[in-house]
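A short worksheet on the structure shown next.
The values are calculated or read from the model by the stated rules, or taken from the named source; none is laboratory data. All values reported here derive from a predicted model rather than from experimental measurement. Here the Cβ positions follow ideal geometry from the backbone for every residue, glycine too, while neighbour counts run over all protein chains shown.
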């Protein structure tokens, strides 16, 4: 079991550009959550997808959007990139029927904005 | 507002000494509390969760609802315990997690 996989591992963009990050959940999992982790901080919840719908959203602007596909994989899109969007983006998967849904994390995508 | 506080960014203990990593939370409801750990060059992984009442790698954590705390403890620290530790909570539906800022534990040989 490969666990949660994310691509790419690193990405460099400039201000104003758009970026798409990808995530494949752990086998058997149906729910995907995205987190932003700035340097020296804990992961901050962006949103969660289940049954191809955004089920919950954290305190992030509309520039952050996502998608979940029928095979449960997910994308995170960020438009109009700002310098402050530089961070590690983590994807986590879980099983909706597991109470409290403990998160299984990927290695993350390191996004740098120049 | 839901919030998780880890007051210590850095913690150093000698091998064999007891260790306690502090976590306090605020949440309007009945949360589940977790400890996640990230070893060097590894991904963030679940260490233990309150509902399981488990002891993992010698670590235990007791939920104190009166003090709204979920401190992580181990009686005898080992060098391999050196890592970044995050306290986290979720609500019953599990559709939003809140993480603390983490405590970096160093066990000195």
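Before moving on, here are some points about what is shown:
- Residue that is farthest from the other protein chains (Cβ to nearest Cβ), among those in segment A:100-114 that are surrounded by fewer than 16 Cβ atoms within 10 Å (Cβ to Cβ) and modelled with pLDDT of 95 or more: A:112
- Residue B:13 under 15 Å from residue B:77 (Cα atoms), part of a strand (DSSP E or B) and either away from chain A (no Cβ under 11 Å) or under 13 Å from the mean Cα position of the chain (by Cα) (or both): yes
- Hey, residue A:54 more than 9 Å from chain B (Cβ to nearest Cβ), modelled with pLDDT under 95 and either in contact with a helix residue (DSSP H, G or I) (Cβ under 6 Å, 6 or more places away or on another chain) or not in a loop (DSSP other than H, G, I, E, B) (or both) or not: yes
- Any hit, segment B:42-63, residues being part of a strand (DSSP E or B), within 13 Å of chain A (Cβ to nearest Cβ) and in contact (Cβ under 8 Å) with a residue 60 or more places away in the chain: no
- For segment B:82-109, the candidate set comprises residues that are part of a strand (DSSP E or B) and modelled with pLDDT under 90; within that set, the residue that is surrounded by the most Cβ atoms within 10 Å (Cβ to Cβ) is B:97.
- Filter result for residue A:72 (part of a loop (DSSP other than H, G, I, E, B), more than 14 Å from chain B (Cβ to nearest Cβ) and touching a strand residue (DSSP E or B) at 6+ places or on another chain (Cβ under 8 Å)): yes
- Listed conditions (1) surrounded by fewer than 18 Cβ atoms within 10 Å (Cβ to Cβ); (2) over 30 Å from residue B:52 (Cα atoms); (3) within 13 Å of chain B (Cβ to nearest Cβ) are all met by residue A:62, apart from (3).
- Condition broken by residue A:16, with the remaining ones in (1) surrounded by 13 or more Cβ atoms within 10 Å (Cβ to Cβ); (2) part of a loop (DSSP other than H, G, I, E, B); (3) in contact (Cβ under 8 Å) with a residue 40 or more places away in the chain satisfied: (1)
- Subset of segment A:75-99 that is surrounded by fewer than 21 Cβ atoms within 10 Å (Cβ to Cβ) and within 12 Å of another protein chain (Cβ to nearest Cβ) - its residue that is farthest from residue A:20 (Cα to Cα): A:99
- Residue in segment B:24-32 that is more than 28 Å from residue B:108 (Cβ to Cβ) and touching a helix residue (DSSP H, G or I) at 6+ places or on another chain (Cβ under 7 Å) present: yes
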